[in-house]
1. Going highest first, how would you order 27-39, 49-61 by mean Cβ packing within 10 Å?
2. Net charge around E8, counting only other residues with Cβ within less than 14 Å of its Cβ (Lys, Arg = +1; Asp, Glu = -1)?
3. Using a 1.4 Å probe over the heavy atoms of the protein chains, calculate the carbon and sulfur portion of the accessible area of the chain as a whole percent.
4. Counting C-alpha atoms alone, how compact is the chain: give Rg to one decimal and Dmax as a whole number, in angstrom.
5. Taking the Cα centre of the chain as origin and charging only Cβ (+1 Lys, Arg; -1 Asp, Glu), how large is the dipole, in debye to the nearest 20?
6. Roughly what angle does helix 55-80 make with the longest principal axis of the chain, taking Cα atoms, 0 to 90 degrees, to the nearest 10?
7. Roughly what angle does helix 6-27 make with the longest principal axis of the chain, taking Cα atoms, 0 to 90 degrees, to the nearest 10?
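The values are calculated or read from the model by the stated rules, or taken from the named source; none is laboratory data. All of these numbers come straight from a predicted model, not from anything done at the bench. For neighbour counting, all protein chains shown are included, and Cβ atoms are generated from backbone atoms with ideal geometry for every residue, glycine included. The accessibility values were calculated without ligands, DNA or RNA, using every heavy atom of the protein model including side chains. Shrake-Rupley method; radii C 1.70, N 1.55, O 1.52, S 1.80 Å.
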Amino acid sequence: MFVGTLIEGLLALIALALWAGCLPVVMDPRKGLAQMYVGKQSDEVIDYQPIISNANLYFCSWGAAICVLSVFAQYVRERLG
């Protein structure tokens, strides 16, 4: 229907922009969505390490990156020949 058209390119670019804007928020350990800080805090030492707190959100975010980049790359490949 719209494969290889300008509409596909625009939709792929919009999806890529949404992913690029969403990923820093999802992966920020301070927000605690996909990662969070754990550790101990004493008077002299603050030992915080980020860990994955929501594995589904973490891996699906990167899976979405692979999908949207492959769709956009295929569109660019078709348009440029």
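1. My ranking of the peptides, most packed first, is 27-39, 49-61.
2. Neighbour charge sum, excluding E8 itself: +1.
3. The C+S portion of the solvent-accessible surface of the chain is 66 percent.
4. 18.3, 63
5. 260 debye
6. 30 degrees
7. Computed tilt is about 0 degrees.
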